[in-house]
Structures are given as structure tokens and as C-alpha cells.
Amino acid sequence: MAAVLMLAAALIAWPGGPGAARLRELKHPAGDHRSGHPVWARALERLPVPVVVPVVVALIGLIFAGPLQGCAAAILAATVVDLRRRAFARRGELAALAAWDRALDEASSALRAGSAPGTALRRAADAVGSAGPDVASVLTSAAAHADLGGDVATAFRPRRGHTPVEGGAADTSDIAADGYPGGDGRDDRDDRGHSGQPSAVWRIAGELSGAWRLATRHGVVLAEVVDGLRADVASRRERALRVDSTLAGPRATAMILTGLPAFGMLLGSGFGADPLAVLLDGTLGGALSLAGAVLLAAGLMWTDRIAGGAAR
């Protein structure tokens, strides 16, 4: 136990590591007045949740049961964290599609009414509001470019270090006239979802950038191009909602099946046995716990992979 604690302390205080940087930030909070959050809260936000949660759960299992039980708990915790991240990505994809659908509809209506591009983009940002803060931010930036007479298409390119709502893995072949938004060789990995694909916010922003370039370079009516993109986004959103509702049943079934071992343990306890004590005691119980955790995690990840493939 002492060796584990010493190893954790060494990793935290490792020179140049993220742990040492967080400790320095907690000790010297100067220059952190830009944010309304406390320094400790900002430090906690930077912690890698997919790593911290399994490690903490493993330490708890190690203390109260044993090393094999700790490994089993870490596997289950890592699986739960990853599945929650994927579910959040799916919700973010749907939210981004809904926000862009509403924004493009408002922009198209404003352009057809004779509004200037900057005014139309600002109205679209106001229509989205708090329902899509990333989309509203992109549109507000584009409106400022339009008001100043700049290149509006550049405002639809991802900014380094910006982390929009994570999305899924939809097709990105029509992102922009010159490739993925920002097709200037920049590293845009911060703007990509868990699958490595650009998030829905920036995929559609790139498509709007290509539509804007098409209108400005070739004289195509901007309102017609924006309305066509809106119709495409609306169809994608409808398909995503239909697929998500269709796959909700299989995902719920997988979760129910995952909970059956726990029900079996309760049933065994009702018959006078003590299966939990067997799993938490000794090497044999640890091996059984580890094997069960591996099988449960593999089943959950395989089911999510199958559902994700069907969604694509």
C-alpha cells in the first residue's frame, strides 16, 4: 500500500508533468483573475477524467479487497466512463444539428427578406441562443467579419484550442471548397470528436464556408445556397433522430443484460449463499471478479460498436 501511495506521489510531483503544473497553479494563483471560477476548480477541470476515475476506483478496490479486485473495478469504471463519453457525443451531435437547422433557416429567411449578410448571420446567432452556444459563437464571429468587409468564410474555420461539442462520424466529403475547414494545414485535432472526425459544429460550419465561397466567387444567390444547406442539415438531423430512437432499444437491452450478474448475486444471497464475499476474498475471488469484469466490459463495448456501426 505504501508503495502505491509513493508511486502516486512521484507521478504527481514529476518534473515538468501535468501534476506538478497543477500544484504550482494551486500555490501561485496570480494571473488567474480572468476566470470567474476558483483556481482549484479550474485545476480539477483539467484532470483527465478517463484516467483519474479508473485509478481512484482501482485504489479503493485495492484497499478494501485486493489487487485483482482493484483491476476489475478499474476496468468497469473505464468502460462506464468511455460509454458516457460516447453517449454525450451522440447527444452533442443531435444538439448541433438542431442548432444549425434553426440557424440556417433564420439566416435564409433574413437573406430572402433583403438583409445584409452580417445582419442575417447575427439574427441566426440570436435565434440559436443558449441552445447552441458553439454555433452562436461561430455565427457571431462570421457576422463581425461580414460587417468589417472581411472574408466571412474564414470565420467558419476552427480555431486552435477551441473544443466544440463532440460529434459522431458523419460524412465529411463536402466540408468546404478547399477541404476540411481551415484547410491550411493547421492541427485541428481539438475540434474532432471521439471518432477522430470533425465535430458536427465544425463540419456544418465548413460546409457553410464552402457555400459562402460558392456564392461570392460564382455569383450564386446566397439565400438559395444557404437554404439548400439547411434542407440537407434538416434531413441529416431527421435521420440521426430516427436512428437514435431505433437503437435505443438494443442499447437498453445491453444495459439490462449487463445488470443480470448483480441480480444473480442478490438471488444467491437470498438462498443463503454469500457470492459477494467469495468475489472479494482471496485470489480465486479476485480472478473471478477480473474475468467477470473483462467479459462485461467486452460485451458493453462490442454492443456499442455494433450500434455505432449501424448509426453510421
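The values are calculated or read from the model by the stated rules, or taken from the named source; none is laboratory data. Just so you know, these numbers come straight off a predicted model, no measurement behind them. Using ideal geometry, Cβ is built from the backbone for each residue, glycine included, and neighbour counts are taken over all protein chains shown.
Data table
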| item | result |
| --- | --- |
| Residue in the range 139-148 that is under 29 Å from Arg91 (Cβ atoms), among the hydroxyl-bearing types (Ser, Thr, Tyr) and either surrounded by 21 or more Cβ atoms within 10 Å (Cβ to Cβ) or touching an Asp or Glu at 6+ places or on another chain (Cβ under 8 Å) (or both) present | no |
| Meets criteria (surrounded by 19 or more Cβ atoms within 10 Å (Cβ to Cβ) and touching a strand residue (DSSP E or B) at 6+ places or on another chain (Cβ under 9 Å)) for Ser209 | no |
| Residue check, Ala273 on the phi < 0 side of the Ramachandran plot, of a type in the set (Gly, Ala, Ser), in contact with a Gly (Cβ under 9 Å, 6 or more places away or on another chain) and surrounded by fewer than 13 Cβ atoms within 10 Å (Cβ to Cβ) | no |
| Cβ-Cβ under 7 Å pairs, at least 6 apart or on other chains, the range 237-253 side within 19 Å of Arg102 (Cα to Cα), far side surrounded by 14 or more Cβ atoms within 10 Å (Cβ to Cβ) | Arg237/Leu97; Arg237/Ala98; Arg237/Asp101; Ala240/Glu93; Ala240/Leu94; Ala240/Leu97; Leu241/Leu94 |
| Within the range 94-123, considering residues that are of a type outside the set (A, V, I, L, M) and part of a loop (DSSP other than H, G, I, E, B), the one surrounded by the fewest Cβ atoms within 10 Å (Cβ to Cβ) | Gly114 |
| Test: residue in the range 48-66 that is in contact (Cβ under 8 Å) with a residue 24 or more places away in the chain, of a type in the set (Gly, Ala, Ser), more than 30 Å from Val220 (Cα to Cα) and crowded, with 21+ Cβ neighbours inside 10 Å | no |
| Index of the failed condition, Val221 passing every other in (1) closer than 20 Å to Asp105 by Cα; (2) at pLDDT 85 or above; (3) surrounded by 12 or more Cβ atoms within 10 Å (Cβ to Cβ) | (3) |
| So Ala291, is it small (Gly, Ala, Ser) and at pLDDT below 90 | no |
| Any hit, the range 208-217, residues being in a helix (DSSP H, G or I), in contact (Cβ under 8 Å) with a residue 24 or more places away in the chain and among the charged types (D, E, K, R) | yes |
| Exclusive hit being acidic (Asp, Glu) and in contact (Cβ under 8 Å) with a residue 12 or more places away in the chain, set Asp227, Asp274 | Asp227 |
| Hits in the range 124-135 (condition: assigned to a helix (DSSP H, G or I) and buried (at least 20 other Cβ atoms within 10 Å of the Cβ)) | Ala124, Ala125, Ala127, Val128, Asp134, Val135 |
| The range 54-112, subset of a type in the set (S, T, N, Q) and touching a helix residue (DSSP H, G or I) at 6+ places or on another chain (Cβ under 7 Å), residue farthest from Val243 (Cα to Cα) | Gln69 |
| Val243 vs. criteria touching a Phe, Trp or Tyr at 6+ places or on another chain (Cβ under 7 Å) and under 27 Å from Ala89 (Cβ atoms) | no |
